[in-house]
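Engineer: Just dropping this structure here.
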Amino acid sequence: IGPDQIEALYQYAKFQFECGNYSGAADYLYQYRALCTNSERSLSALWGKLAAEILMQNWDIALEELNRLKEIIDSKSFSSPLNQVQSRIWLMHWSLFIFFNHDNGRTQIIDLFNQDKYLNAIQTSASHLLRYLATAFIVNKRRRPQFKEFIKVIQQDQCSYKDPITEFLACVYVNYEFDGAQKKMKECEEVILNDPFLGKRVEEGNFSTVPLKDEFLENARLFIFETYCRIHQRIDMGVLFEKLNLNYEEGERWIVNLIRNSKLDAKIDSETGTVIMEPNQPNVYEQLIDHTKALQGRTYKLVGQLLEPAQAQPAR
């Protein structure tokens with residue numbers, strides 16, 4: 001077997017892919033990569049195998065190929081940084097097919113998109129991908145610490161990119177504009193239903209549902225409620241239900257379940273129709289330690305800035 005035969009295997013795999021025989025193409029590309037010594041050609045074959053696995057809906061194998069591609073893209077020396085950024089953007093676009101079909105996709109998309117290198121690529125060249133990262137954060141309650149940092153990204157990119165889902169987060173966490181958040185919730189519902197990835201339908205008998213839509217709206221209401229409660233001690237339930245797009249009966253049941261199932265320090269006053277938030281007493285000792293640490297860090301940074309010009313001057 002020589003270079004001509006190995007090249008013929010690549011062309012034959014490409015031919016099988018174009019004919020729709022994705023299983024055969026994936027097998028031939030796997031064999032080709034084992035024989036190929038050209039790194040560029042091998043990378044091209046890996047992209048082809050990823051596409052074939054996605055088209056066959058082999059999500060576990062496709063995820064493995066995606067991770068292989070990521071390792072190569074991150075470690076490979078590109079002719080220019082722009083080419084590397086473009087490769088990362090292509091990888092993120094392909095990954096949407098996997099992440100919104102794989103069982104663990106909502107966590108995986110945050111792990112990939114929220115890395116500094118990939119988040120920078122999104123902010124500079126593919127802002128529309130913020131929609132999917134924002135949605136993943138909203139429906140994934142386990143990633144709240146990273147979510148706080150992501151809100152800063154939303155705040156920075158408000159002028160350069162606008163999307164109902166990112167605008168919803170800006171209304172709740174940046175501008176504290178709850179009436180605006182209520183309107184954005186309705187727009188978000190339309191976006192999800194019409195998005196090819198977010199609007200994935202599940203057939204249940206004679207009915208068709210969009211699971212992500214219901215989960216998104218439930219968590220969106222929770223975000224509004226939590227933020228609204230932080231800045232109010234006594235909340236009129238009628239006003240709150242209006243902001244949550246719920247009627248009074250649904251809203252009261254929703255809040256009762258929320259207080260029962262969460263660690264929320266709140267109680268319902270049925271006579272006045274209000275939710276009363278129990279004030280949290282701050283731990284003064286912990287606050288003092290936090291402020292001391294922050295002061296130490298700022299002092300160290302300031303000293304470094306003062307010494308830097310002196311260190312940069314040549315010795316005489």
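The values are calculated or read from the model by the stated rules, or taken from the named source; none is laboratory data. On a predicted model such as this, the values are computed, not experimentally measured, just so you know. No Cβ is skipped: glycine too gets one built from the backbone with ideal geometry, and neighbour counts run over all protein chains shown. Ligands, DNA and RNA are stripped out before the accessible areas are found, and what is left, the full protein with its side chains, is counted by its heavy atoms. Shrake-Rupley method; radii C 1.70, N 1.55, O 1.52, S 1.80 Å.
Engineer: Mind listing whichever residues of segment 202-219 are open to solvent by less than 50 Å² (accessible area, probe 1.4 Å) and aliphatic (A, V, I, L, M)?
Structural biologist: Val210, Leu212, Leu217
Engineer: Another question, if that's okay. Restricting attention to segment 32-47, and to residues there that are within 21 Å of Trp90 (Cα to Cα) and either touching a Gly at 6+ places or on another chain (Cβ under 7 Å) or of a type in the set (A, V, I, L, M, F, W, C) (or both), which single residue is modelled with the lowest pLDDT?
Structural biologist: Leu43
Engineer: Note down all Cβ pairs under 8 Å where the first residue falls in segment 1-23 and is within 19 Å of Cys36 (Cα to Cα), the second is open to solvent by 90 Å² or more (accessible area, probe 1.4 Å), and they're at least six residues apart or on different chains.
Structural biologist: Sorted first by the residue in segment 1-23, then by its partner, the pairs are Leu9/Gln31.
Engineer: Restricting attention to segment 162-178, which residues are without any contact (Cβ under 8 Å) to a residue 40 or more places away in the chain and open to solvent by 40 Å² or more (accessible area, probe 1.4 Å)?
Structural biologist: Lys162, Glu167, Asn175, Glu177
Engineer: Right, next: Condition first: surrounded by 13 or more Cβ atoms within 10 Å (Cβ to Cβ), closer than 21 Å to Val85 by Cβ and over 9 Å from the mean Cα position of the chain (by Cα). Now tell me which residues in segment 121-149 satisfy that.
Structural biologist: Residues satisfying the conditions are Ala121, Ile122, Gln123, Ser125, Ala126, Ser127.
Engineer: Separate question: Looking at the structure I just gave you, is Glu190 open to solvent by 90 Å² or more (accessible area, probe 1.4 Å) and either touching a residue at least 12 places away in the same chain (Cβ under 8 Å) or at positive phi (or both)?
Structural biologist: Considered against the rule, which asks whether it is open to solvent by 90 Å² or more (accessible area, probe 1.4 Å) and either touching a residue at least 12 places away in the same chain (Cβ under 8 Å) or at positive phi (or both), Glu190 comes out as yes.
Engineer: Which residue is modelled with the highest pLDDT, if the candidates are limited to segment 220-273 and must be surrounded by 17 or more Cβ atoms within 10 Å (Cβ to Cβ) and β-branched (Val, Ile, Thr)?
Structural biologist: Ile224
Engineer: I've got another one for you. Cβ-Cβ distance below 6 Å, separation of 6 or more or different chains: which pairs start in segment 117-140 with a residue that is within 12 Å of Leu169 (Cβ to Cβ) and end on one that is open to solvent by 50 Å² or more (accessible area, probe 1.4 Å) and not in a helix (DSSP H, G or I)?
Structural biologist: Pairs found: none.
Engineer: May I ask you to say which residue of Ala126, Ala121 is of a type in the set (Gly, Ala, Ser) and out of contact with any Lys or Arg (no Cβ under 7 Å at 6 or more places or on another chain)?
Structural biologist: From the options Ala126, Ala121, the qualifying one is Ala126.
Engineer: Now for a different question. Against the condition open to solvent by less than 50 Å² (accessible area, probe 1.4 Å), closer than 28 Å to Asn104 by Cβ, of a type in the set (Gly, Ala, Ser) and assigned to a helix (DSSP H, G or I), how does Ala181 come out, does it pass?
Structural biologist: It is false that Ala181 is open to solvent by less than 50 Å² (accessible area, probe 1.4 Å), closer than 28 Å to Asn104 by Cβ, of a type in the set (Gly, Ala, Ser) and assigned to a helix (DSSP H, G or I).
Engineer: Among the residues of segment 127-165, count how many are at pLDDT 85 or above, basic (Lys, Arg) and in a helix (DSSP H, G or I).
Structural biologist: Result for segment 127-165: 3.
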